[in-house]
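J.: Dropping a structure here in structure tokens format, bear with me for questions.
The values are calculated or read from the model by the stated rules, or taken from the named source; none is laboratory data. Note that this is a predicted model, so its numbers are computed, not measured. In this analysis, Cβ positions are derived from the backbone assuming ideal geometry, glycine residues included, and neighbour counts consider all displayed protein chains. Each accessible area value is taken on the protein alone, full model and side chains, heavy atoms only, with ligands, DNA and RNA left out. Shrake-Rupley method; radii C 1.70, N 1.55, O 1.52, S 1.80 Å.
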2 protein chains.
Amino acid sequence: MGAKGGQEVKTTLFVIRHAESQWNPIGRYQGLLNPDLSERGEKQAKILAKELKNKGIEVIYTSPLLRTKRTAQIIAEELNVPLIEDERVIEIDHGVWSGKLVEEVKKEFPEMFEMWITRPWKVDFPEGENLLKVFERVKDFIRFVKEKHKGQTVAVVSHTVPIRALYCAALELPIEKFWSFGCDNASYSIINFEEDRTTLHKLNITCHLEREGLYEEAHRAL
Amino acid sequence: MGAKGGQEVKTTLFVIRHAESQWNPIGRYQGLLNPDLSERGEKQAKILAKELKNKGIEVIYTSPLLRTKRTAQIIAEELNVPLIEDERVIEIDHGVWSGKLVEEVKKEFPEMFEMWITRPWKVDFPEGENLLKVFERVKDFIRFVKEKHKGQTVAVVSHTVPIRALYCAALELPIEKFWSFGCDNASYSIINFEEDRTTLHKLNITCHLEREGLYEEAHRAL
């Protein structure tokens, strides 16, 4: 029931980070490079798929990279729902950082790294993208979901950078709040869009992984 | 490792909403009134206490009301840690709404109710408190935790209104974002305070309840 006594229309978005890739455990920036899931990542995705059953998810959108697509495929098969690729939720193009370890980036680009941690929206990755561009494309994705799937429950499988930008966009926060949200491999969050409010209902759920000894906290700089 | 290569000092706060009270399932505003836990609430608190073991919590602060204190006692016993009452995290004083059902409040105070849903910081509860006052006292509580428990892991057991205000305070968001966060009975969230960032690492975790069939989503107006 809404504030005025009317029935609320609720659109629900499950926000899923891809399971562990081959490069996640060693802290290597991926950007648009395309490593597949690790062995542990495959296990995580299967557990996550079972966890997401019977939650009403009707369709899954995914970033077209391998690590997201593979995670999304495993979930879509388990849930028996359609899977749609969407470029708007692809990872930021880290440009010249792509393929480098965090420790290498710290040495080679100390000022840019410091900026990424403290004012990430100011970083223009050479040969890559800027966070503000990611912010615009996830805003567009949210508008699309709210319109196309009004009253439905849908899911999106994406990456740390677009996911954190998406939280800012959904809650109408400035991109300055980018680092404010946890985002672990094979986690899911739930956002409810209603007429009079948007709620981050659950954030960065990983209980399904913890139960199976498959949980690993994300690197703080990725 | 911090941005500059130094070791980060991390202070972790577990934010716990009390287990179900006798009035929660019927949607009755409580404020400073003092119903005890329901039978289901007692079960929830015990499951939550087991869930919170071995997470490094060193001390628990609690609002002095019965529903929070009883929840906190059950956890403190299971974890074998000290329990301290703190008035700064007590529920908002709902004044004349206290003891009334949501449906009664809607009929008797339609404009104030509409305001509570859309611009809650503008509501001065007759014979009660204003959200901005709650915002100030939870800000003070956060400052206290960051200073007194620097580098430690502590927990606080509180209520929907101070908890949502606390998320705004911790992430340095305006109180306008008050309704942006889920807050279910016997849930917990994790906030990490580091020198260069504050992260809402997990929000409104209730997996421990879902597993046992003890989960109930909070009323949207409470």
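J.: Label-to-label distances across copies for B:GLU147, with labels 7 Å out along Cα→Cβ, in nm, shortest first?
T.: Inter-copy label distances (nm, one decimal, shortest first): 5.1.
J.: At a 1.4 Å probe radius, carbon and sulfur cover how many percent of the accessible area of the protein assembly as shown?
T.: Numbers: 8400 of 17870 Å².
The computed percentage sits at 47.
J.: Straight-line reach only, C-alpha to C-alpha below 17 angstrom: list the aspartates and glutamates that B:LYS43 could link to, leaving out same-chain residues fewer than 8 apart.
T.: Partners within reach: B:GLU20, B:GLU51, B:GLU77, B:GLU78, B:ASP184, B:GLU210, B:GLU212, B:GLU216, B:GLU217.
J.: Any number yet on Rg/Rh for region B:11-211, C-alpha, Kirkwood?
T.: 0.95
J.: Cα atoms only, the protein assembly as shown: Rg and Dmax in Å?
T.: 21.6, 65
J.: Quick one: which of B:LYS10/B:LYS69; A:LYS107/B:LYS146; A:LYS106/B:LYS55; B:LYS69/B:LYS150; A:LYS133/A:LYS202 span more than 29 angstrom between C-alpha atoms?
T.: A:LYS107/B:LYS146; A:LYS106/B:LYS55
J.: Give me the distance in nm between label points sitting 7 Å out from Cα along the Cα-to-Cβ direction at B:ASN80 and A:GLU212, one decimal.
T.: Distance between label points: 3.3 nm.
J.: Let me ask another. Compute the helix-to-body angle for A:160-170: its Cα long axis versus the longest principal axis of chain A, expressed 0 to 90° and rounded to tens.
T.: It is inclined by approximately 40 degrees.
J.: Using every pair of alpha-carbon atoms in region A:56-167, split the distances into 5 Å bins beginning at 0 and state the percent of pairs per bin, rounded to integers.
T.: 2, 12, 19, 20, 17, 12, 9, 6, 3, 0
J.: Could I ask something else about it? Could you work out the Rg to Rh ratio of region B:96-222, with Rh taken as the Kirkwood radius (inverse of the mean 1/r over all Cα pairs)?
T.: 0.99
J.: Using a label position 7 Å from Cα in the Cα→Cβ direction, what is the ascending list of nm distances from A:PRO126 to the same site in the other copies?
T.: Label-point separations across copies, in nm and ascending: 6.8.
J.: Taking the simple approach of a point 7 Å from Cα along Cα-to-Cβ for both B:LYS133 and A:LEU66, what is their distance in nm?
T.: Here the answer is 6.1 nm between the modelled labels.
J.: To the nearest 10 degrees, how steeply does helix A:66-79 sit against the main Cα axis of chain A, on a 0 to 90 scale?
T.: With rounding to tens, the tilt is 20 degrees.
J.: Here's something else I'd like to know. I want to verify the translational diffusion coefficient of region A:1-118 in µm²/s; compute it with Stokes-Einstein, Rh as the Kirkwood radius over Cα pairs, at 10 °C and 1.306 mPa s. Walk me through the numbers before you get to the answer.
T.: Details: Rh = 16.3 Å.
Using the Kirkwood radius from Cα pairs, D works out to 97 µm²/s.
J.: Now, a different point. How far is the Cα center of region A:35-94 from the Cα center of region B:61-75, in Å?
T.: 40 Å
J.: Taking the Cβ-Cβ separation of A:LEU32 and B:GLU108 as r and a Förster radius of 51 Å, what is the calculated FRET efficiency to the nearest 0.05?
T.: 0.30
J.: State, to one decimal in nm, how far the label point of B:LYS150 lies from the label point of A:LEU222, with both points 7 Å from Cα in the Cβ direction.
T.: The modelled label-to-label distance comes out at 3.1 nm.
J.: Report A:ILE16's accessible area, 1.4 Å probe, all protein chains in place, as a number in Å² to the nearest 10.
T.: 0 Å²
J.: If you average the sequence gap of Cα pairs under 8 Å that are 6 or more apart and divide by the length of chain A, what percent do you get for the contact order?
T.: About 30 percent, as a whole number.
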